[in-house]
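Working notes for the structure below.
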Amino acid sequence: MPTESDTIELGEDELRAITGYAAACARRALPLFEEDPAADPRPREAIDAADEFAAGGRRTTALRQSAWAAYKAAGEAGSPAAADAARAASHAAAAAFLHPKASAHQVKHILGAAAHAARAEELAAGEDGPVPGGTLEWARHHAPPAVGAVLARLPAAPSGGGRVGEHIRDLDAVLRA
């Protein structure tokens, strides 16, 4: 198992696959943010920017700024579900900036979009557990090989983080197996 001071190999193709996966997970929860007719465009723009990078685009300052903008939109969201949907979008765009460090924190960058999208679905449904057929289940079955390969180079997901942290640890355990 790598230590926190180690670096890992992280290829550009892996980074693009991880970012595309994160964007797909976040897009599943986006309607929960956009239910409001005056919906803020920042989460959608972050997901679109992540998709553009995943498809071969450049990793730009605008991409990083879109992640921060979606994060700010989460703070202004009209409901807890909408806030987690916006956080999922923020994590999707931020996935393009995953660091090649053997840090448990990096696991959150890989799986954060899926975990926040799953939490948004739970909150919207009034559930205390995963929504059947929801993003958590989808994320388990649609992760590209790069996700498991990079997770295997990292320490296990960190403790804490409430329900989102539980989702990250559950996905981490399944996808690195």
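Restricting the first member to region 18-43 and to residues that are farther than 10 Å from Ala86 by Cα, and the second to residues that are assigned to a helix (DSSP H, G or I) and polar (S, T, N, Q), the beta-carbon pairs closer than 9 Å and six or more apart or on different chains are Cys25/Thr135; Arg28/Thr135. Could you tell me whether region 138-155 includes any residue that is open to solvent by 30 Å² or more (accessible area, probe 1.4 Å) and at positive phi? No, region 138-155 contains no residue that is open to solvent by 30 Å² or more (accessible area, probe 1.4 Å) and at positive phi. Among residues of region 153-169 being touching a residue at least 24 places away in the same chain (Cβ under 8 Å), touching a helix residue (DSSP H, G or I) at 6+ places or on another chain (Cβ under 8 Å) and not in a helix (DSSP H, G or I), the one that is nearest to Glu9 (Cα to Cα) is Leu154. Does Ala118 satisfy the condition of being over 21 Å from Val150 (Cα atoms), part of a helix (DSSP H, G or I) and out of contact with any Lys or Arg (no Cβ under 7 Å at 6 or more places or on another chain)? Yes. Applying the set (1) at pLDDT 95 or above; (2) exposed (fewer than 15 other Cβ atoms within 10 Å of the Cβ) to Asp128 leaves exactly one unmet item: (1).
The values are calculated or read from the model by the stated rules, or taken from the named source; none is laboratory data. As the structure is a prediction and not an experimental result, all values here were calculated from the model. Virtual Cβ from ideal backbone geometry, glycine too; neighbours counted across all protein chains shown. SASA here: full protein model, heavy atoms, side chains in, ligands and nucleic acids out. Shrake-Rupley method; radii C 1.70, N 1.55, O 1.52, S 1.80 Å.
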